[in-house]
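Worksheet: one structure, shown below.
The values are calculated or read from the model by the stated rules, or taken from the named source; none is laboratory data. Just so it is clear, the structure is predicted and the values come from calculations on it, not from any experiment. For neighbour counting, all protein chains shown are included, and Cβ atoms are generated from backbone atoms with ideal geometry for every residue, glycine included.
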2 protein chains.
Amino acid sequence: MMLSKSCIYGVQAAIYMASLPRNEYVSIQQIAAKLNISFHFLTKVLQNLTQAGLLISYRGPNGGVALARPSSQISLADVIDAIDGSDIFKECLLGLPGCGVADPCPAHENWTSMRSRLHHLCSTLTLEELGKRANQLNVRLANSRAPINPAKLLTEAR
Amino acid sequence: MMLSKSCIYGVQAAIYMASLPRNEYVSIQQIAAKLNISFHFLTKVLQNLTQAGLLISYRGPNGGVALARPSSQISLADVIDAIDGSDIFKECLLGLPGCGVADPCPAHENWTSMRSRLHHLCSTLTLEELGKRANQLNVRLANSRAPINPAKLLTEAR
DNA sequence: TTGTATTAAGAGTGCTTTATCTGAAATTAT
DNA sequence: ATAATTTCAGATAAAGCACTCTTAATACAA
């Protein structure tokens, strides 16, 4: 898998938050229910994002998490970096430590161009853009087709 | 990690075989020694490649494995596919099952173009090309700096 | 002040990947 | 034949990742 499961969950949650009409505190439980993810696990994942300064969290009733910056100023790469680290954007295809211009692996040249393309894509793709698309018809975010009614969702989350 | 460790070992071994002057049976022990990989583990990995029809194996003294086709007719994608499967070339960035044109995720459009680029790169990069580069000066293949003298290597491999 | 909702933190469990080991089967050489 | 060499197959062990659960800390509301 390209991204770890933790990372995918984090990205999904971040996009979900960016897709909301206003940036306000959302409970992790609500996000987990909406995205069909284990609440406890998502909690751990989002802790990474708050510690990285991408989210702000607030405990207690009506608490939750919110984007620390405007969604236009958080890139996909920011989120990936906070959870999986920046290895994907730096690593050698053949996993050779220290692979670089001075000491390249046979695939070095092809791979670096690919990698930088990937990095560019992820750095310029913002949560704002992704959130907008998530709001469009026929564009989905959750792991399984979920019911649309938010009230129902909260009930299901118990 | 982009590729699994098994896959990386398999690719490295395949490139090593392609880098040899002629395509003849090489013992897995020799490859493992050259690449600094656990012999037993590499054995398991290469079994995947033989079962996929990419390698031919021969038991007994002077046996070993050899490329089943000319190195120019085996692509990097072939090797990756045989070990890790073709998920990397097909998967949704956000890990959503069934993500496609009809039912896209928010990152679908950006990701598919990236993915097809990756697939194209891996399909057109042949073991012949990679083997050639592995033979060039200052291009390395093994996980750690290895001695250059092939005779010495054979001795070390016992 | 007490109760409740919520995130934070960390310990614990199970599964997958990675790695090791052993014996069997095949092939060659003596 | 017998011994030596090599891949094949399966069992086992160790490590890492995904996930769960429990307890603490924090904040609000009645």
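Just a few scattered comments:
- Residue within the stretch B:27-40 that is under 27 Å from A:Ser4 (Cα atoms), within 16 Å of the chain's Cα centre (by Cα) and of a type in the set (D, E, K, R) present: no
- Residue match in the stretch A:3-16 (condition: outside any helix (DSSP H, G or I) and within 14 Å of another protein chain (Cβ to nearest Cβ)): yes
- Sole residue being closer than 21 Å to A:Leu118 by Cβ and of a type in the set (Lys, Arg), chosen from A:Lys44, A:Lys90, A:Lys34: A:Lys90
- All positions within the stretch A:54-92 that are among the polar types (S, T, N, Q) and at negative phi: A:Ser57, A:Ser71, A:Ser72, A:Gln73, A:Ser75, A:Ser86
- Residue match in the stretch A:70-86 (condition: within 15 Å of DNA strand D (Cβ to nearest atom) and more than 16 Å from the chain's Cα centre (by Cα)): no
- Matching residues in the stretch B:97-131 - criterion: being closer than 17 Å to A:Asn36 by Cα and surrounded by fewer than 18 Cβ atoms within 10 Å (Cβ to Cβ): B:Pro97, B:Gly98
- Residue selected from the stretch A:21-40 under the condition away from chain B (no Cβ under 14 Å) and among the hydrophobic types (A, V, I, L, M, F, W, C), by the criterion farthest from DNA strand C (Cβ to nearest atom): A:Ala33
- Scope the stretch B:46-91; condition within 14 Å of chain A (Cβ to nearest Cβ) and assigned to a helix (DSSP H, G or I); matching residues: B:Ser71, B:Leu76, B:Ala77, B:Val79, B:Ile80, B:Ile83, B:Asp84, B:Asp87, B:Ile88, B:Phe89, B:Lys90
- Checking each residue in the stretch A:41-88 for being among the aliphatic types (A, V, I, L, M) and in contact with a strand residue (DSSP E or B) (Cβ under 8 Å, 6 or more places away or on another chain) picks out A:Leu46, A:Leu49, A:Leu54, A:Leu55, A:Ile56, A:Val65, A:Ala66, A:Leu67, A:Ala68, A:Ile74, A:Leu76.
- Boolean, A:Ser75 is of a type in the set (Gly, Ala, Ser), under 21 Å from A:Ala142 (Cα atoms) and at pLDDT 95 or above: yes
- Test: residue in the stretch A:92-107 that is in a helix (DSSP H, G or I), of a type outside the set (Val, Ile, Thr) and at the interface with chain B (Cβ under 9 Å from one of its Cβ atoms): no
- Residue among A:Leu42, A:Leu54, A:Leu94 that alone is at pLDDT below 95 and either crowded, with 19+ Cβ neighbours inside 10 Å or of a type in the set (Lys, Arg) (or both): A:Leu94
- Scanning the stretch B:57-90 for residues being within 15 Å of DNA strand C (Cβ to nearest atom) and either more than 25 Å from B:Lys132 (Cβ to Cβ) or loosely packed, with under 15 Cβ neighbours inside 10 Å (or both) gives a total of 9.
Yes or no, residue by residue, for (1) farther than 25 Å from B:Glu91 by Cα; (2) not charged (D, E, K, R):
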| site | (1), (2) |
| --- | --- |
| A:Pro21 | yes, yes |
| A:Gln29 | yes, yes |
| A:Leu49 | no, yes |
| A:Leu54 | yes, yes |
| A:Arg69 | yes, no |
| A:Ile80 | no, yes |
| A:Asp87 | no, no |
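- Tabulated pairs, the stretch B:56-78, first aromatic (Phe, Trp, Tyr), second within 11 Å of DNA strand C (Cβ to nearest atom) and assigned to a loop (DSSP other than H, G, I, E, B), C-beta under 9 angstrom, 6+ apart or interchain: B:Tyr58/B:Tyr25
- Subset of the stretch B:17-45 [more than 18 Å from A:Pro97 (Cβ to Cβ), hydrophobic (A, V, I, L, M, F, W, C) and assigned to a helix (DSSP H, G or I)]: B:Met17, B:Ala18, B:Ile28, B:Ile31, B:Ala32, B:Ala33, B:Phe39, B:Phe41, B:Leu42, B:Val45
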